[in-house]
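The values are calculated or read from the model by the stated rules, or taken from the named source; none is laboratory data. The structure presented is a predicted model; accordingly, all values stated were derived computationally and were not measured. All Cβ positions, glycine included, derive from the backbone under ideal geometry; neighbour counts span all protein chains shown. Ligands, DNA and RNA are excluded from the accessible area calculation, which covers all protein heavy atoms including side chains. Shrake-Rupley method; radii C 1.70, N 1.55, O 1.52, S 1.80 Å.
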Amino acid sequence: MNKVVKFGGSSLASAEQFKKVGEIIRADRERKFVVPSAPGKRSSDDTKVTDMLYACYDLAEQGADFTKEMQAIRDRYQEIIDGLGLKLSLDKEFKTIEKNFKEKAGSDYAASRGEYLNGIIMAKYLGFSFVDAAEVIRFKADGEHDAERTNTLMRDRLSTVESAVIPGFYGAYEDGRVKTFSRGGSDITGSIVARAIKANVYENWTDVSGVLVADPRIIYKPAGVETITYRELRELAYMGFSVLHEDAIFPVRSEGIPINIRNTNAPQDNGTWIVESTCQKSKYVITGIAGKKGFCAVNIEKEMMNSEIGFGRKVLQAFEENEISFEHVPSGIDTMTVFVHQDEFMHKEQKVVSGIHRLADPDSIDIEADLALIAVVGRGMKSTRGTAGRIFSALAHANVNVKMIDQGSSELNIIIGVANADFETAIKAIYDIFVISQI
């Protein structure tokens with residue numbers, strides 16, 4: 001039985017944190033495959049190593065001197081090495097990095113070195129084999145992750161070692177050029193490794209004890225979630241949950257491997273289990289509440305719109321022509337509304353408006369800005385009557401005006417549109433009625 005353990009940047013920010021990680025790994029012999037992130041912040045006013053690398057590479061790309069910035073990065077790693085009492089020199093690696101920076105190897109290469117160097121230190125500290133992610137994670141020419149090629153390479157390589165450290169966040173094209181996942185991509189690496197070795201569990205260690213029902217920046221000490229399904233987490237992650245990268249679900253889902261979110265600073269906590277499906281009932285009707293600000297609604301009106309074949313396609317074509325993706329498209333008999341990200345839309349709004357007039361010939365178009373979308377997610381909603389009514393009642397009592405509501409056919413989530421100014425108030429009202437009051 002093997003476990004894959006991934007540790008986030010805050011878990012590896014210093015030598016003291018490294019020691020905590022070492023104790024966690026050594027406490028369970030099944031924890032044989034480790035995926036480290038780059039060192040995160042040691043304090044609130046500190047800088048992540050990944051951001052230090054980006055800044056350093058920006059200077060290199062401009063042809064400016066980056067000696068001071070590179071030395072600061074060296075010092076961060078040396079501090080960890082010294083704190084762990086390791087006999088390890090990264091001089092060779094840093095010479096190669098400096099050379100590649102001068103030759104403009106790319107920002108993806110630059111950012112990936114944080115995980116690469118941390119992986120070398122972690123392997124030395126644990127006595128595990130080091131496997132460079134660039135050798136076992138592949139990307140296609142268009143930048144898309146090649147899941148099947150990666151699975152073959154990873155499976156074959158890891159079958160030759162008993163235990164290994166595989167740096168997170170990056171892989172490579174077939175020609176060897178380094179390519180990174182999006183921010184938080186070390187979560188994806190851990191999931192890829194878990195799939196390749198057919199792990200019995202993928203433990204994702206971070207600085208919180210699992211998934212919370214709501215954002216702790218909005219709700220004071222929100223309740224935790226014991227079990228959540230892949231689908232529920234994906235819905236919440238897309239709307240702002242930051243505990244796990246939303247794409248980390250796909251590799252493990254294909255093998256039915258559960259993910260366990262754990263806290264490096266509180267390893268005794270059980271955390272949250274993320275599973276394909278479960279018969280366990282949620283403690284509350286809802287599993288989580290998440291949302292984002294910064295949307296606008298494009299309201300299109302046309303009499304007898306519902307009987308005009310192809311009207312919706314024509315409207316959305318105007319957005320497609322301007323390379324703008326949409327979030328939700330609620331519609332009525334004579335109305336259709338398209339929700340889009342405001343920062344993407346605002347610079348092209350008039351082109352889109354004229355495109356809609358040209359393609360669909362509407363009676364009128366009205367744009368409403370500064371909106372927020374909130375997702376209320378939970379497998380328990382499907383078997384509970386009156387969930388939508390309770391949400392509306394809570395918002396009405398909080399004097400929040402609902403701009404839009406959209407419920408998927410799976411009855412797994414309900415999306416609500418409100419004004420940006422009402423965002424926090426709305427989340428507090430929904431949390432109160434489903435978690436605190438439970439009426």
### Query
Which value, in debye to the nearest 20, gives the size of the charge dipole of segment 1-124 about its Cα centre, when Lys and Arg are +1 and Asp and Glu are -1 at the Cβ?
640
### the chain: most fluctuating residue of Ile286, Ile219, Ile81 per GNM, C-alpha cutoff 10 Å
Ile219
### Query
Considering only Cα-Cα distances, which of the following residue pairs are longer than 20 Å: Lys6/Lys92; Lys19/Lys124; Lys41/Lys87?
Lys6/Lys92; Lys41/Lys87
### Task
Summarise the accessible area of segment 313-413 (1.4 Å probe, protein heavy atoms) by the percent that is carbon and sulfur.
46
### Message
Based on alpha-carbon centroids, what's the gap between segment 28-52 and segment 206-223 in Å, whole number please?
### Response
20
### Query
Please identify the trypsin sites (Lys or Arg not before Pro) of segment 1-99 that satisfy two criteria: DSSP loop assignment and at most 13 other Cβ atoms within 10 Å. Which are they?
Arg29, Lys87
### Query
Averaged per residue, what accessible surface does segment 377-439 expose to a 1.4 Å probe, in Å²?
48
### Query
What is the calculated FRET efficiency for Gln78 to Asp363, with r their C-beta to C-beta distance and R₀ = 60 Å, to the nearest 0.05?
0.30
### Query
Of Trp273, Asn2, Val35, whose Cα points farthest to the positive end of the dipole of the chain (charges on the beta-carbon: +1 Lys, Arg; -1 Asp, Glu; origin at the Cα centre)?
Asn2
### Message
Are there any trypsin sites (Lys or Arg not before Pro) in segment 371-439 that are in a DSSP loop and have at most 11 other Cβ atoms within 10 Å? List them by number.
### Response
Lys382, Arg385
### Query
Suppose every K and R has +1 on its Cβ and every D and E has -1 on its Cβ; what is the size of the dipole of the chain about the Cα centre, in Debye to the nearest 20?
1660
### segment 1-112 - accessible surface per residue (Å², probe 1.4 Å)
49
## Note on the structure
The helix 67-84 Cα axis meets the longest alpha-carbon principal axis of the chain at an angle in degrees, between 0 and 90 and rounded to 10, of 70
### Task
Write down the accessible area per residue of segment 118-209 in Å², having rolled a 1.4 Å probe over the full set of protein chains.
38
### Query
Cα to Cα, under 20 Å, and not fewer than 8 places away if on the same chain: which aspartates and glutamates meet these conditions relative to Lys283?
Asp215, Glu226, Glu232, Glu235, Asp269, Glu411, Asp432
### Message
Suppose we keep just the DSSP beta bridges with both residues in segment 136-288; what percent of those would be antiparallel, to 5?
### Response
45
### Query
Of the heavy-atom accessible surface of segment 85-140 (probe 1.4 angstrom), what whole percent is carbon and sulfur?
45
### Message
Taking the 0 to 90 degree range and rounding to the nearest ten, how far is the long axis of helix 15-26 tilted relative to the main principal axis of the chain, both from C-alpha atoms?
### Response
90
### Task
Work out the charge dipole of the chain with +1 on the Cβ of Lys and Arg and -1 on the Cβ of Asp and Glu about the Cα centre, then indicate which of Asn118, Ala105, Ile433 is farthest towards its positive end.
Asn118
## Note on the structure
Loop-resident trypsin sites (Lys or Arg not before Pro) in segment 155-235 with no more than 13 other Cβ atoms inside 10 Å, DSSP not H/G/I/E/B, are Arg177, Arg183, Lys198, Arg217
### Task
Would you compute, from DSSP H runs of 4+ residues alone, the mean residue ellipticity of the chain at 222 nm, taking -39500 (n - 2.57) per run and dividing by the full residue count, rounded to the nearest 500?
-11500 deg cm²/dmol
### Message
Could you give the length gained by full extension between Lys382 and Ala147, i.e. 0.36 nm per residue of separation minus their alpha carbon distance, to one decimal place?
### Response
81.3 nm
### Summary
Taking the square root of 5λ for each eigenvalue of the C-alpha gyration tensor of the chain, the equivalent ellipsoid has semi-axes, largest first and in whole angstrom, of 42, 28, 20
### Task
Name the residue, out of Gln342, Gln350, Gln78, whose mean-square fluctuation peaks in a Gaussian network model built on the chain with Cα pairs under 10 Å.
Gln350
### Query
Hey, what angle do you get for helix 91-102 against the long axis of the chain, alpha-carbon based, 0 to 90 degrees rounded to 10?
50
### Summary
Residues whose built amide H sits under 5 Å from the amide H of His328, excluding neighbours closer than 5 in sequence, are Phe339
